[in-house]
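Undergrad: To start, I am sharing the structure in question, which I have written as structure tokens.
The values are calculated or read from the model by the stated rules, or taken from the named source; none is laboratory data. Predicted, not measured: the structure shown is a model, and the values here were computed from it. With ideal geometry, Cβ positions are generated from the backbone for all residues, glycine too; neighbour counts draw on all protein chains shown. For the accessible areas, the whole protein counts, side chains as well, though only heavy atoms, and no ligand, DNA or RNA atoms are used. Shrake-Rupley method; radii C 1.70, N 1.55, O 1.52, S 1.80 Å.
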Amino acid sequence: MLYTQPQLPYANDSLSPAISKETIEFHYGKHEKAYIDNLNNLIKGTDKEDMPLEEIIINSSGALFNNASQAWNHIFYFFSFSPDGGGEPQGELRQAINAQFGSFELFKKQFEEAGVKLFGSGWVWLSSDDEGNLFITQGANASNPLTEGLTPILAFDVWEHAYYLDYQNRRADALHALWDIIDWDVVSNRY
């Protein structure tokens, strides 16, 4: 089975100013495509060729893990956005955020801080366990909470290619801008 890159549910220029058309063309159009192409080359003719992507992530290491996880992470990340996004989560996710972090504003602050403080490249995640407890975690490189038995709910990409064209070295500004495009319906459905 070959993995394919899904088409984004919005135009490349529709997330601006949070994420520019140029960043989407490079980040999703080139970086994500390379991860998927590399993944397909690595699994061709192996026992992982027909595995779901999540299983490959959980059961691999090295180059295969890196490309499988980055392919999955980027799809997860880009499909969390909408040109009509922003606002705040509602329902069960909002209740859990308020209960565990004190308020949505305190959660946002902690989430951004985790992304800013991650040294080098990687991801900051909001995930849940089987009991619905929420966790903010950082992970270098191609990290993914699936490997810890957690369910990913939201991710911010803190690799420089995710923001450098738009924000240069201002990672904090880039992370803060993402709240304006989060599709809380998509994110809440993951909880």
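Undergrad: Do we find a residue being touching a helix residue (DSSP H, G or I) at 6+ places or on another chain (Cβ under 9 Å) and under 27 Å from Ala34 (Cβ atoms) anywhere in the stretch 89-103?
TA: For the stretch 89-103, residues touching a helix residue (DSSP H, G or I) at 6+ places or on another chain (Cβ under 9 Å) and under 27 Å from Ala34 (Cβ atoms): absent.
Undergrad: Looking at (1) exposed (fewer than 14 other Cβ atoms within 10 Å of the Cβ); (2) over 18 Å from Ser188 (Cβ atoms), find the lone condition where Trp123 falls short.
TA: Tallying (1) exposed (fewer than 14 other Cβ atoms within 10 Å of the Cβ); (2) over 18 Å from Ser188 (Cβ atoms), Trp123 fails exactly one: (1).
Undergrad: Mind checking which residues of the stretch 115-166 are over 20 Å from Phe104 (Cβ atoms), assigned to a strand (DSSP E or B) and touching a residue at least 60 places away in the same chain (Cβ under 8 Å)?
TA: Asp157
Undergrad: Turning to a different aspect of this structure: Taking Trp72 as meeting all but one of (1) assigned to a helix (DSSP H, G or I); (2) open to solvent by less than 60 Å² (accessible area, probe 1.4 Å); (3) touching a strand residue (DSSP E or B) at 6+ places or on another chain (Cβ under 8 Å), write down the number of the exception.
TA: Single failed check for Trp72: (3).
Undergrad: When you go through Ser82, Ser16, Ser20, Ser61 one by one, which is the residue that is over 19 Å from Gly139 (Cβ atoms) and without any contact (Cβ under 8 Å) to a residue 24 or more places away in the chain? Spell out how you get there, then give the answer.
TA: Working: Ser82 fails: without any contact (Cβ under 8 Å) to a residue 24 or more places away in the chain; Ser20 fails: without any contact (Cβ under 8 Å) to a residue 24 or more places away in the chain; Ser61 fails: over 19 Å from Gly139 (Cβ atoms).
Selected residue: Ser16, the only one of Ser82, Ser16, Ser20, Ser61 that is over 19 Å from Gly139 (Cβ atoms) and without any contact (Cβ under 8 Å) to a residue 24 or more places away in the chain.
Undergrad: Next question. If I filter the stretch 11-33 for residues that are at pLDDT 95 or above and in contact with a strand residue (DSSP E or B) (Cβ under 7 Å, 6 or more places away or on another chain), do I get at least one hit?
TA: Yes, the stretch 11-33 contains at least one residue that is at pLDDT 95 or above and in contact with a strand residue (DSSP E or B) (Cβ under 7 Å, 6 or more places away or on another chain).
Undergrad: Still on this structure: Being under 20 Å from Tyr35 (Cα atoms) and open to solvent by less than 60 Å² (accessible area, probe 1.4 Å) is the filter here, so list the residues in the stretch 141-153 that pass it. Steps first, please.
TA: In the first step, residues of the stretch 141-153 are kept if they are under 20 Å from Tyr35 (Cα atoms); the result is 141-147, 152.
Answer for the stretch 141-153, where residues must be under 20 Å from Tyr35 (Cα atoms) and open to solvent by less than 60 Å² (accessible area, probe 1.4 Å): Ala142, Ser143, Asn144, Pro145, Leu146, Pro152.
For (1) of a type in the set (A, V, I, L, M, F, W, C); (2) farther than 28 Å from Ala71 by Cα; (3) open to solvent by 80 Å² or more (accessible area, probe 1.4 Å); (4) assigned to a helix (DSSP H, G or I), each residue gets a yes or a no:
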| position | (1), (2), (3), (4) |
| --- | --- |
| Leu93 | yes, no, no, yes |
| Ala96 | yes, yes, no, yes |
| Ala99 | yes, yes, yes, yes |
| Lys108 | no, no, no, yes |
